[in-house]
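Let me begin by presenting the structure, written as structure tokens, before commenting on it.
Please treat every number below as a calculation from the coordinates, not as lab data. These numbers were taken from a predicted model, which means no experiment stands behind them. Here the Cβ is made from the backbone with ideal geometry for all residues, glycine too, and neighbour counts use every protein chain on show.
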Amino acid sequence: MKIIFNKRVYFFALLLCSLNMMAQEFGKVAGKVSLSGNTAAENISVTLKGTKYSDVTTVSGQYEITRVKPGNYTIVVRAVGIAPVEANIVVTAKQTTTKNFSLNESQEDLQEVVITKNKYKQDKPSMSLRLQTPVLEIPQNVQIVSGQTLKDQQITSMSDGVIRNVSGAVRLEHWGDLYTNITMRGSQIQAFRNGFNVVSSFWGPLTEDMSFVDHIEFVKGPAGFMLSSGDPSGLYNVVTKKPTGVTKGEVSAIVGSYDFYRVSLDLDGKLDKKGKLLYRFNGSAQKKGSFRPYEHNDRYAIAPVISYQFDDKTKLTFEYNFQYANMTEVGSYYVFGPEAGGYAAFPRNFTMTAPGLPDTNIQDHSGYLQFEHKFDDNWKLTAQTSYFKYIQQGYSSWPGVVGPGPADRDFDGIPEGNLAYGEIIRNVGIWDADSNMFLGQIFVNGKFNTGPISHKVLGGIDLGDKDYMADWGQSHDLDTVDNPFNVYNPNYGTPSNGFPQFDHETPLSQRAGGLYGTKYAAGYLQDELGFFENRLRLTLAARYTWISQTSAYDVPQEDSHITPRAGLSFSITDDFAVYGLYDQAFTPQSGITKNGDPIKPLTGNNIEFGIKKDWFDGSWNTTLSAYRIIKKNELTSDPTNGPNDVYKVILGEKRAEGVEFDVRGKLFDGLNLIANYAFTESIVTESRLGSIAVGSTVPGYAKHTANAWLNYTVQAGKVKGLGASIGGTFLAGRQTDTWSVGLQRLPDYFRLDGGLSYEIGKVKVTANVFNILDKYLYSGSYYSWLQAYYWQAEAGTNFRVGISYKF
């Protein structure tokens, strides 16, 4: 045994020495690409002519090409509207060759310039993720939905089909277009915007309008080390558009089925001749009807951004986002049916809403101030603060009783009675809400070497103060026991019990029945150590978080925790990496328990392994990952109460396991693909509730999810610019979004979409058809307390046609 052990040690030492000898043969090329006026040029391709070596510049114009064999090369920078720039360089082993470029300004949109890359694949995360590492080398599954993907699929908001582009993401609880609420890896993931956690309660934030969104980053698994506290299942980070320094503009208009009309404007440019003061303005207006009668959702958004570059080291950026929504009451899209009828018992366009109910309107404000300072090419300081203000005044509809059975619940003094099959008493509750969030971050990114070991260091502080209050205490039955709403003979006139007269005038702070508050402070430090010329990367990190939480006027409860992180990534070749990760999470939770149990932060850990590969010089990428997540102290809805009941219960412990596969990129010139598959399983491993047994399946996900989107554009000839797309979504093993399973399971789900496009010069026309097969698609659940099924249907075959003009 001793001989075998010694042989293994000798073999391992020999392997390390061999790798080290191999690593000594390589050098590195790095530098910055700028436009005139010293404006950083982002997403510019930099290649070593005649080789596979290439990189794409970051938002600060930096590029870095590693593991280059020593020798003489020609380095090339190209972009549409800019003459190619070439230079001869010499790469020396174990040294960095620095080469900077200054390009003439182009009026073309440099964001669309890709030489070896493509419109559906992004190789580097935004700086709001605080990382300096390419996606291929990050020891975690990170998927980026590009801005061009959003345009091609005519996605207009965060809840409008984004998740088809990421493995394992589902939305069983739609909340209309009000909240996104994405479930991934067995739980609802956290919502971020520009690196800030913007969740102040379970009901938020308002879905982002895509007019001011640049791209969306999905981080799977814990990411609290870099983005303040986050759920163990992951997060999505919406990155908004920033000034590029290139003067350009785009206006677009879309029309579609069910009275859908939308216009948007994107302006980008300079406010001074030197190009130091830059601006970006995005705005949109949308009127949207529905395949259900009496329903609408109108949205408006503006998003101005101003940045000032003091010199080549210091930059200040101010951004403001405003969204306004005017919509039918929350819950108008729900349909309820008797237990014996099951799901989808009524026509797809059936509605239970009452015409004449006042609209619900929402104002969503967010402001950001960011300061960036580069000490040198290796060290950078970023400090940013933000304020979020959310105001909602409106209504939420839900049935009080679904027949058959006794109407023995006392709503507004209605006497008890019996309801016949198909009879319902509809109830409307007030939902006025107000939320404030003050968030701040300061962090430092640095690079240095200690001998042959490279270091990428990240350290910072996060601060947050959030509150959310709402009035759910006023409710009104629209119908009476003597004259209920009959789903088989609906009467959409004035309800038999009239419309509600709620008090909206008394200050919300005096009538709020739900008050949630969270304050937190955290510090974190991470070091990514690179061995053998960064071929082997070891990530070590830790985060200390202090949290104080308040629920429903209770005494604040404080807690603190240290969460470690360890990741290992190894590049087998320049375009093939394997990784392993262990991470923990510590996340505040908001809620009220009926018995007064204290609400503790959610804790969890994630173990993940994966393989990442770039194919054909980085044209397309695949990611395969497997994970196991354990979560403790998670709040969940009480299985014995209705959806309008604000009380939550503490589950105990649950485990989520699964496998995910993603592919995205350019298969060859003109043909782009996004495809993914995920297997997910989540069960209860410890339970504090008698109604939820150990081994129970956790609600809110699909066991199998598969998506694909294929786009081809003709590259030459008379029909150059003509494109066609086809895509589909398949869900199997769907779990309902409540603990009440019912006798009928949700069926498998399949939706087919497709479209055509034509681009000539500065004009592009795009047309998409959704649900081509005209299937009756829905999600839903069974409510045991109501003895009824509910479902939310999707539109049948519908279309959108859009035209855009760039100037």
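Residues whose amide H comes within less than 5 Å of that of S779, counting only those at least five positions distant or on another chain, are Q792 (H built at 1.01 Å from N in the peptide plane).
Given R₀ = 22 Å, what would the calculated FRET efficiency be for D575 paired with N104, taking r from the Cβ atoms and rounding to 0.05?
Working: r = 32 Å, r/R0 = 1.46.
FRET efficiency, D575 to N104: 0.10.
When the Cα positions of N321, N491, I453 are compared along the charge dipole of the chain, I453 comes out farthest toward the positive end, with charges on each C-beta of Lys, Arg, Asp and Glu.
The amide H of T685, built 1.01 Å from its N in the peptide plane, has E653, K654, R655, G695 as neighbours under 5 Å, considering only residues 5 or more places off or on other chains.
Just list whichever of K273/K718; K99/K121; K315/K806; K151/K612; K287/K632; K380/K519 have alpha carbons separated by over 31 Å in the model shown. Pairs exceeding the cut-off: K273/K718; K287/K632.
Coupling constants for the range 66-75 follow from the phi torsions by the Karplus curve (6.51 cos²θ - 1.76 cosθ + 1.60, θ = phi - 60°), and in residue order they are 9, 6, 9, 5, x, x, 9, 9, 10, 9 Hz; glycine and proline get x. Pairwise inverse Cα distances across the range 484-547, averaged and inverted, put the Kirkwood hydrodynamic radius at 19.2 Å. Seen from N237, the other residues with C-beta closer than 10 Å to its C-beta sum to a net charge of 0, counting Lys and Arg as +1 and Asp and Glu as -1.
Taking R0 as 30 Å, what's the FRET efficiency between L316 and V763 from their Cβ-Cβ distance, rounded to 0.05? Working from the Cβ atoms, E equals 0.25. Phi-derived couplings, Karplus 6.51 cos²θ - 1.76 cosθ + 1.60 at θ = phi - 60°, listed residue by residue for the range 244-252: 9, x, 9, 6, 6, x, 8, 10, 9 Hz, with x used for Gly and Pro.
Ratio of the range 727-807's C-alpha Rg to 2.2 N^0.38 Å, to two decimals? Kindly include the intermediate steps, with their values, before the conclusion.
On the way: Rg = 18.5 Å, N = 81, 2.2 N^0.38 = 11.7 Å.
Here the Cα radius of gyration is 1.58 times the empirical estimate.
Contour minus end-to-end for T797 and S560, with contour as 0.36 nm per residue of separation and end-to-end as the Cα-Cα distance? Answer, rounded to one decimal: 80.2 nm.
Nearest 5 percent is fine: what portion of the DSSP beta bridges confined to the chain is antiparallel?
Values: 331 of 343 bridges.
Percentage antiparallel, nearest 5: 95.
With each label modelled as a point 7 angstrom along the Cα→C-beta vector, the F668-D597 pair spans 5.9 nm. For the range 705-710, 3J(HN,Hα) computed residue by residue from phi via the Karplus equation (6.51, -1.76, 1.60; θ = phi - 60°) reads 10, 9, 9, 8, 9, 10 Hz, glycine and proline entered as x. Charged side chains reduced to their Cβ positions (Lys and Arg at +1, Asp and Glu at -1) give the chain a dipole of some 3520 debye around its Cα centre. For the range 158-192, the residues whose amide N sits under 18 Å from a probe point set 7 Å from the Cα of T622 along the beta carbon direction are 166-168. Ranked from largest, the principal axis spans of the Cα set of the range 690-743 equal 69, 18, 12 Å.
Work out the FRET efficiency for Y544 and D259 from their Cβ-Cβ distance, taking R0 = 41 Å, and round it to the nearest 0.05.
Working: r = 52 Å, r/R0 = 1.28.
It comes out at approximately 0.20.
Can you list residues whose amide H is under 5 Å from N427's amide H, if they're 5+ apart or on another chain and H is modeled 1.01 Å from N? Those lying under 5 Å, H to H, from N427 are W398, G400, L478.
For the chain, what is the relative contact order in percent, using Cα pairs closer than 8 Å and at least 6 residues apart in sequence? Write down the numbers at each step before the final one.
Values: 2294 pairs, mean separation 84.8, N = 807.
Reported as a whole number, the value is 11 percent.
For the range 242-390, a simple Cβ point-charge model (Lys and Arg +1, Asp and Glu -1, everything else neutral) yields a dipole of about 440 debye relative to the Cα centre.
Cross-link list K119/K613; K220/K456; K241/K313; K124/K666; K220/K270: which exceed 26 angstrom alpha carbon to alpha carbon? Violating the 26 Å Cα-Cα cut-off are K220/K270. Once the dipole of the chain is set up with Lys and Arg at +1 and Asp and Glu at -1 on Cβ about the Cα centre, which of I683, W791, L529 lies farthest towards its positive end? Comparing the listed Cα positions along the dipole, L529 ranks first.
Peptides 310-318, 152-160, 362-370, ordered by how many other C-beta atoms sit within 10 Å of their residues on average, highest first, read 152-160, 362-370, 310-318. Fully extending the segment from Y308 to Y776 would add 163.3 nm, taking 0.36 nm per residue of separation and subtracting the current Cα-Cα distance.
Loop-resident chymotrypsin sites (Phe, Trp or Tyr not before Pro) (DSSP state other than H, G, I, E or B) in the range 441-491 with no more than 12 further Cβ atoms inside 10 Å of their Cβ: Y488.
For the range 469-578, GluC sites (Glu not before Pro) meeting the loop criterion (DSSP other than H, G, I, E, B) and having at most 13 other Cβ atoms within 10 Å: E505.
With the simple model of a label 7 Å out from the Cα in the direction of the Cβ, N436 to W379 spans 3.8 nm.
Remark: the S496-H296 segment gains 69.6 nm on full extension, using 0.36 nm per residue and subtracting the alpha carbon distance.
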